[in-house]
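These notes are about the structure you will find just below.
Each reported figure results from applying straightforward, stated rules to the coordinates on display, with no laboratory input. None of these values were measured; they are calculated from a predicted model. As a convention, Cβ positions derive from the backbone with ideal geometry for all residues, glycine included, and neighbour counts pool all protein chains shown.
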Amino acid sequence: MDIAQENKIYAEAIDFFGIESQKIMLIEEMSELTKELCKELRNRGDVDHLSDELADVEVMLAQIKMIYDIHQKVAEHKDFKLHRLANSIVELKKTMKKWREKK
């Protein structure tokens, strides 16, 4: 399915179910994802269930971004956070290397 089709469905869902309902649904879907991750940590997880719940959360997140018209803002924050993560990894690797050299 292409982006235009996805966006049409998201807009129809928001219009049909309402903004408040979609916010509540996102919270419910995140809870279900949390439950699946907890199961996985207890070695009772199922990759199919996990991927299904991740898909549900992604669908709802897309609707929230549409509701608030924040696609670009989220992309900018994500880019910043990914760069910060990459820099943190580089710095931590350097620190670990120095620590190992001292041993």
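Using a simple spin-label model with pseudo-atoms 7 Å out from Cα toward Cβ, Ile67 and Lys23 lie 0.6 nm apart.
When both the stretch 50-67 and the stretch 29-44 are represented by their alpha-carbon centers, they are found 16 Å apart.
Taking the chain as the region of interest, the number of lysine pairs whose Cα atoms are within less than 14 Å, with members eight or more places apart or on different chains, is 6.
In this structure the amide hydrogen of Gly45, modeled in the peptide plane, comes within under 5 Å of the amide hydrogens of Glu40, none closer than 5 places in sequence on its chain. Fewest-first ordering of Asp52, Asp46, Asp2 by other beta carbons within 10 Å of each residue's beta carbon gives Asp2, Asp46, Asp52.
Membrane-span-like helices in the chain, defined purely by DSSP H runs whose alpha carbon atoms cover 15 Å or more axially and whose average Kyte-Doolittle hydropathy reaches 0.5, do not occur. Pairwise Cα distances in the stretch 1-69 exceed 21 Å in 32 percent of cases.
Maximal additional length on extending the Val74-Thr34 stretch stands at 12.2 nm, based on 0.36 nm per residue less the C-alpha distance.
Exposure proxy for Phe80, Phe17: other Cβ atoms within 10 Å of each Cβ, ordered fewest to most, give Phe80, Phe17.
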